[in-house]
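Data first, discussion second: the structure below is written as structure tokens.
The values are calculated or read from the model by the stated rules, or taken from the named source; none is laboratory data. This is a predicted model, so every value here is computed, not measured. Cβ placement follows ideal geometry from the backbone for every residue including glycine, while neighbour counts extend to all protein chains displayed.
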Amino acid sequence: MDFLRPDTLAEALTLKAQRPDAVPIAGGTDVMVELNFDHRRPAALLDLTRIAELRSWDADDGTVRIGAGVPYTRIIEELGERLPGLAMASRTVGSPQIRNRGTVGGNLGAASPAGDTHPVLLAAGATVEAASTRGTRLIPATDFYLGVKRHALEPDELITAVRVPATRAPQQFSKVGTRNAMVIAVCSFAVALHPAQNRVGAAVGSAAPTPRRASAAEEFLSAELTSTNQWESPKPLLDSVKRRFGELVAEAASPIDDVRGSAAYRKHALSVLARRTLGWAWQDYSGKVA
Amino acid sequence: MSLTPAELTSAVSGGIGSSPQRPDGNLKVRGEFAYASDLWHEDMIWGATLRSPHPYARIVSIDLTEALQVPGVYAVLTHQDVPGQNRYGLEHKDQPVLAEDVVRYQGEPVALVGADHPETAQRAMKRIKVEYEVLTPVVDMETAVDDTPLHPGGNLVRHVPVRRGDQHAEAEVVVTGRYEVGMQDQAFLGPESGLAVPDEEGGVDLYIATQWLHVDQGQVAAALGRPLEQVRLTLSGVGGAFGGREDLSMQVHACLLALHTGKPTKMVYNREESFYGHVHRHPAVLYYEHGADHTGKLVYVKARIYLDGGAYASSTGAVVANAATLGIGPYDVDNVTVDCWGVYTNNPPCGAMRGFGAVQAGFAYESQMDKLAEALGMDPVDVRIVNAMSEGSVMPTGQVVDSAAPVAQLLKLVKDKPMPPLSTVVDLRDMPGGVSNTTHGEGVVRGVGYAVGIKNICFSEGYDDYSTARVRLQVINGEPAALAHTAAAEVGQGLVTIMQQIVRTELGVERVTILPMDTSIGNGGSTSASRQTYVTGGAVKAACAAVREKLAKLAGGRDPSAVDLVELLGDEVIDETVEWRHRATEPIDPETGQGNAHVQYGFAAHRAVVDVDVELGLVKVVELDCAQDVGKALNPQAVLGQIQGGSAQGLGLAVMEEIQTAGGKVRNPSFTDYLIPTVLDMPPMSIDVLELADPNAPYGVRGVGEPPTISSTPAIVAAIRAATGLALTRVPVRPEHITGT
């Protein structure tokens, strides 16, 4: 196995173009586990940790651009105000040691349906920045996840950043696991209010072959809130609205039975999570508008 | 004439009753402790194990050709290369070192590779071609006895009946239940590791993480076809055991490779392989019927208990006897009918794990006591106290409990503790679901549950259970110094510290060196059954007494306590070795289960307070308080550590820990999916330690490690039942059991 250590992004892209079989590695929290257990033996590893520009974030025009190598710990500590949902999801990743190493870029690269940040990226309307020697393109998160651990990158592309709209509007993330910390998702859910667009984003994780948006739930709730003029003058949400939203979220999922939980449980839990997180987000929003 | 300890101990600190710092503590915290997986030898090679992918299959052929061609490979071995007996086992020699014509569980070792690098070994292993004819596995413990026989004698490993009193007693109130216990794993953090170093004369030195050096030695020597003196074992750094290291893992394998290649051979399992590399706790199905009068007094208890031993016997027989003889719990019952069966299946082999049969029974009988309380409209603690055994009680085996059995007192202690307040501020870390942000209080219901348990301490049923200790006393650099040597395994529980404390107390010498544990001294017995402080502690104490006798002789007519130890010893080296036994036990009658089978009984009680998110089925154990009698706390801090650890392991079984199998295959051999409690799952504990000395035991000690594992699980489940109103008859309780989805 070759271990490629580029110092610059340009160098990294050249290497990736020459060696499309090289597996990028940053925090190593996924890749090293696969290597250690002999589940994977790539011909080459492409170490991205020397590339300074991947380890920074910046914000302009209402968007936060997070370099693919920024660890979860920094997202929690530095971006909690601007990206509340992503910070909440980051907080549920593994242990402190894992959060110090692991990155959103890595979460996207692995594209596991159980990855903790995916539902938030979908609900918040993030885009993935993919670069190659051919140039840079932006892939909406909605188009990024293609199948179990499969994503929309070309073999010569690297994830350089994820762009997430900054917001002061409420977002929530919630994840069910059978342990109170350091647990992989049985299912997860994110909701993001987009009052400027009179819209709600909602997405499920670990409940389908890919993370996916709950489009019918989004449309139902957006229409409900807009038609009752609630964006301008929010009122407590009717229980029936929260329940319907929960049902539609559950319907968006196509989970399986596995060692972590039954399909029926996942659907049930998603409806509960959706109802609760919507309640918290809406209460928060009502407080802000009032 | 002999000296008493008191005459020697005036100015010595760190003796019994204190909590001196452990020699391994700081090293472990800093990550500097050398575990068996850190073993290294110049010029060593690495061993790897090819395991069966099938729970049950006939081996049609094995082709090693390609594996042997891999550069860097020194040896590829099969059962044909086992020079001695290709069978081993703790109770029955039924397990092949390497499979012959049949594999009986997924993960059974089939072949070994020795290579210059672990990677090379892995690559070569994948080139071994094994042709299997897959057979239908036997996986149901309740019907296994009538299913395809997996061993020559059929699928029954052992049946223990216990019969006491009227077998047809009737009662006013009757409750029945069927309970299930899932397969728990010891989940020790240091995976199986060892290093075998061949000598020039056909012998081998094995450095190994184990629980019992001498029983390993005997089994390894038999498999290698070598005399005992050619197979020498030294304990290496052990990262936890909990029963999972009583059986052989790679002991013979590493030695085979070392002797075959003439090279030091290291083997270390990774986490996944570790799940296949050791036995687990027996899953159980238990049927109970309790009959009581209207005051709650038990009239009779009937139980049928099935334990799934998996593919090989391991210690199933002794686990069966425990589940049967302790099967009704710490209660006075005149009429008892218990049957326990341990069976062979093609599930993973099961054997020893902390609590050893008493855990499975404990979940069922304590669930029954709660059911009985409910049927009678009684308080669950009261119904237990009405029936609580005490010193002088008679066990269902007929054995009289002849030392403290403060069952009622333990229950009262946990009941009388103040209740934790309901939290008023939302802190996710205190919520069911924790930092995953699943509730801010929605759906959360609090419940409280109680349980008490009983465990036998030391080996039972007439086993010649002893330990050997050597203590040396001499003057080094003008100071008296002692040295103690045993073969009893320190597995992290703190035996090394206890031995030092005993020598300090007995000889009044502060400087006490503990020699590495190895087979150059006699048998120390197993580090299991909560027995080492009792038995090896007793042996060290007795060796010290022998040393004191020699000291008295040196003193001649003088009053020895008045003479300075340095002066008295001069150039003398006093070196004494003793074998020490606890009082003998008896076998039980095979028809009635009657007999004085056990040495000592230990008791613990728990109160669990839980918050359950009833909509999501998630649980936060808010409090898990315990009261336990330990006879005498030789090291109070270590005692608390044992109670906390045992309680945590019980919590794991209550709400998360299970090896899930399907058709004999393990579905979750990883710490991603086999979950053990974290600091956010395990609450801080309030612990009451009673010290009611057992006059039969050294210093009055009572084994500590296992009792808290027994009562923790049913107390937590009782609390979840109280919060949810659900029956919950299976552990671990999964979210689906609570939500009904």
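Check region A:110-133 and report whether any residue there is closer than 23 Å to A:Gln18 by Cβ, touching a residue at least 24 places away in the same chain (Cβ under 8 Å) and among the polar types (S, T, N, Q).
Yes, because at least one residue in region A:110-133 is closer than 23 Å to A:Gln18 by Cβ, touching a residue at least 24 places away in the same chain (Cβ under 8 Å) and among the polar types (S, T, N, Q).
Considering region B:24-70 alone, what residues qualify as being among the small types (Gly, Ala, Ser) and farther than 30 Å from B:Pro516 by Cα? Working first, answer last.
Within region B:24-70, the first condition is being among the small types (Gly, Ala, Ser), and the residues that meet it are B:25, B:31, B:34, B:36-37, B:47-48, B:52, B:57, B:61, B:67.
Listed by number, the residues that qualify are B:Ser52, B:Ala57, B:Ser61, B:Ala67.
Could you name every one of the helices (runs of 4 or more DSSP H) located completely within region A:53-156 that has at least 1 residues being out of contact with any Asp or Glu (no Cβ under 7 Å at 6 or more places or on another chain) and more than 14 Å from chain B (Cβ to nearest Cβ)?
Details: elements: A:72-79, A:84-91, A:96-101, A:104-110, A:118-124, A:141-144.
Correct list: A:72-79, A:96-101, A:104-110, A:118-124, A:141-144.
So in region B:437-470, with the set limited to residues that are within 14 Å of another protein chain (Cβ to nearest Cβ) and either assigned to a loop (DSSP other than H, G, I, E, B) or at pLDDT below 95 (or both), which one is surrounded by the fewest Cβ atoms within 10 Å (Cβ to Cβ)?
B:Gly441
Under the condition of being of a type outside the set (Phe, Trp, Tyr) and more than 22 Å from B:Gly262 (Cβ to Cβ), which residue from region B:196-215 is surrounded by the fewest Cβ atoms within 10 Å (Cβ to Cβ)? Outline the logic, then answer.
Kept after step one, since they are of a type outside the set (Phe, Trp, Tyr), are these residues of region B:196-215: B:196-206, B:208-211, B:213-215.
Adding the requirement that they be more than 22 Å from B:Gly262 (Cβ to Cβ) leaves B:209-211, B:213-215.
Numbers: B:Ala209: 26, B:Thr210: 29, B:Gln211: 24, B:Leu213: 27, B:His214: 21, B:Val215: 18.
Among those that are of a type outside the set (Phe, Trp, Tyr) and more than 22 Å from B:Gly262 (Cβ to Cβ), it is B:Val215.
Only one of these is surrounded by fewer than 24 Cβ atoms within 10 Å (Cβ to Cβ) and either within 13 Å of chain B (Cβ to nearest Cβ) or touching a residue at least 24 places away in the same chain (Cβ under 8 Å) (or both): A:Ser206, A:Ser188, A:Ser174, A:Ser254. Name it. Quick ask: steps written out before the conclusion?
Numbers: A:Ser206 fails: surrounded by fewer than 24 Cβ atoms within 10 Å (Cβ to Cβ); A:Ser188 fails: surrounded by fewer than 24 Cβ atoms within 10 Å (Cβ to Cβ); A:Ser174 fails: surrounded by fewer than 24 Cβ atoms within 10 Å (Cβ to Cβ).
Residue meeting the stated conditions: A:Ser254.
Would you mind stating whether B:Ala654 is touching a strand residue (DSSP E or B) at 6+ places or on another chain (Cβ under 8 Å) and within 23 Å of B:Cys350 (Cα to Cα)?
Answer is yes for this residue.
Please find, within region B:268-284, the residue that is nearest to the other protein chains (Cβ to nearest Cβ) out of those that are assigned to a strand (DSSP E or B) and under 14 Å from B:Pro349 (Cα atoms).
By that ranking, first place goes to B:His280.
Pairs please, first residue from region B:43-54 and touching a residue at least 12 places away in the same chain (Cβ under 8 Å), second anywhere and part of a loop (DSSP other than H, G, I, E, B) and basic (Lys, Arg), Cβ atoms under 7 Å, 6+ apart in sequence or on different chains.
B:Asp43/B:Lys263; B:Met44/B:Lys263; B:Ile45/B:Lys263
Looking at region B:614-658, which of the residues that are touching a Lys or Arg at 6+ places or on another chain (Cβ under 8 Å) and within 11 Å of chain A (Cβ to nearest Cβ) is surrounded by the fewest Cβ atoms within 10 Å (Cβ to Cβ)?
Per the criteria, the residue is B:Met656.
Residues checked against (1) surrounded by fewer than 24 Cβ atoms within 10 Å (Cβ to Cβ); (2) assigned by TED's automatic domain parsing to the domain that holds B:Ala605; (3) of a type outside the set (S, T, N, Q); (4) within 13 Å of B:Val285 (Cα to Cα):
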position: B:Val333; (1), (2), (3), (4): no, no, yes, no
position: B:Val338; (1), (2), (3), (4): no, no, yes, no
position: B:Arg354; (1), (2), (3), (4): no, no, yes, no
position: B:Gly357; (1), (2), (3), (4): no, no, yes, yes
position: B:Ala361; (1), (2), (3), (4): no, no, yes, yes
position: B:Glu366; (1), (2), (3), (4): no, no, yes, no
position: B:Asp379; (1), (2), (3), (4): yes, no, yes, no
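Taking into account only those residues within region A:161-172 that are in contact with a Lys or Arg (Cβ under 9 Å, 6 or more places away or on another chain) and assigned to a strand (DSSP E or B), which is nearest to A:Trp231 (Cα to Cα)?
Among those that are in contact with a Lys or Arg (Cβ under 9 Å, 6 or more places away or on another chain) and assigned to a strand (DSSP E or B), it is A:Gln172.
Considering only region B:541-598, how many residues are in a loop (DSSP other than H, G, I, E, B), closer than 30 Å to B:Ser393 by Cα and not aliphatic (A, V, I, L, M)?
14
Applying the selection to region B:476-534, what residues are part of a helix (DSSP H, G or I) and either of a type in the set (A, V, I, L, M) or at pLDDT below 95 (or both)?
As a first pass, look at region B:476-534 and keep what is part of a helix (DSSP H, G or I): B:495-507, B:532-534.
Listed by number, the residues that qualify are B:Leu495, B:Val496, B:Ile498, B:Met499, B:Ile502, B:Val503, B:Leu507.
Looking at the structure I just gave you, is B:Ala648 in a helix (DSSP H, G or I), among the small types (Gly, Ala, Ser) and touching a strand residue (DSSP E or B) at 6+ places or on another chain (Cβ under 9 Å)?
Against the criterion (in a helix (DSSP H, G or I), among the small types (Gly, Ala, Ser) and touching a strand residue (DSSP E or B) at 6+ places or on another chain (Cβ under 9 Å)), B:Ala648 qualifies.
Among residues belonging to region B:554-588 that are among the acidic types (Asp, Glu) and over 26 Å from the mean Cα position of the chain (by Cα), point out the one that is surrounded by the fewest Cβ atoms within 10 Å (Cβ to Cβ).
As a first pass, look at region B:554-588 and keep what is among the acidic types (Asp, Glu): B:559, B:564, B:567, B:571-572, B:575-576, B:579, B:586.
Those left that are additionally over 26 Å from the mean Cα position of the chain (by Cα): B:559, B:564, B:567, B:571-572, B:575-576.
Numbers: B:Asp559: 9, B:Asp564: 8, B:Glu567: 8, B:Asp571: 6, B:Glu572: 13, B:Asp575: 16, B:Glu576: 18.
Per the stated criteria, the residue is B:Asp571.
Somewhere in region A:215-234, is a residue within 23 Å of the chain's Cα centre (by Cα), under 13 Å from A:Val200 (Cβ atoms), crowded, with 18+ Cβ neighbours inside 10 Å and among the aromatic types (Phe, Trp, Tyr)?
Yes.
Run down B:Ala654, B:Ala719 and say which single residue is of a type in the set (Gly, Ala, Ser), under 21 Å from the mean Cα position of the chain (by Cα) and in a helix (DSSP H, G or I).
On inspection, the qualifying residue turns out to be B:Ala654.
Scan region B:448-501 for residues that are within 28 Å of B:Ala597 (Cβ to Cβ) and β-branched (Val, Ile, Thr) and jot them down.
Passing the criteria: B:Val452, B:Ile454, B:Ile457, B:Thr468, B:Thr486, B:Val491, B:Ile498.
Considering B:Asp673, B:Asp688, which residue is more than 9 Å from every other protein chain (Cβ to nearest Cβ), charged (D, E, K, R) and either over 21 Å from A:Ala114 (Cα atoms) or assigned to a loop (DSSP other than H, G, I, E, B) (or both)?
That would be B:Asp688, the only listed residue that is more than 9 Å from every other protein chain (Cβ to nearest Cβ), charged (D, E, K, R) and either over 21 Å from A:Ala114 (Cα atoms) or assigned to a loop (DSSP other than H, G, I, E, B) (or both).
Would you please list the contacts, defined by Cβ atoms under 8 Å and residues six or more apart or on different chains, that run from a residue in region A:23-36 that is within 18 Å of A:Arg150 (Cα to Cα) to a residue that is of a type in the set (Asp, Glu) and at pLDDT 95 or above?
A:Ile25/A:Asp47
Scan region A:266-277 and report the pairs whose first residue is at the interface with another protein chain (Cβ under 7 Å from one of its Cβ atoms) and whose second residue is part of a helix (DSSP H, G or I) and aliphatic (A, V, I, L, M), with Cβ atoms within less than 8 Å and a gap of 6+ or a chain change.
Cβ pairs passing all conditions: A:His268/A:Ala250; A:Leu273/A:Val249.
Would you be able to tell me the number of residues in region B:717-740 that are away from every other protein chain (no Cβ under 14 Å) and either in contact with a strand residue (DSSP E or B) (Cβ under 7 Å, 6 or more places away or on another chain) or not small (Gly, Ala, Ser) (or both)?
Of the residues in region B:717-740, 11 are away from every other protein chain (no Cβ under 14 Å) and either in contact with a strand residue (DSSP E or B) (Cβ under 7 Å, 6 or more places away or on another chain) or not small (Gly, Ala, Ser) (or both).
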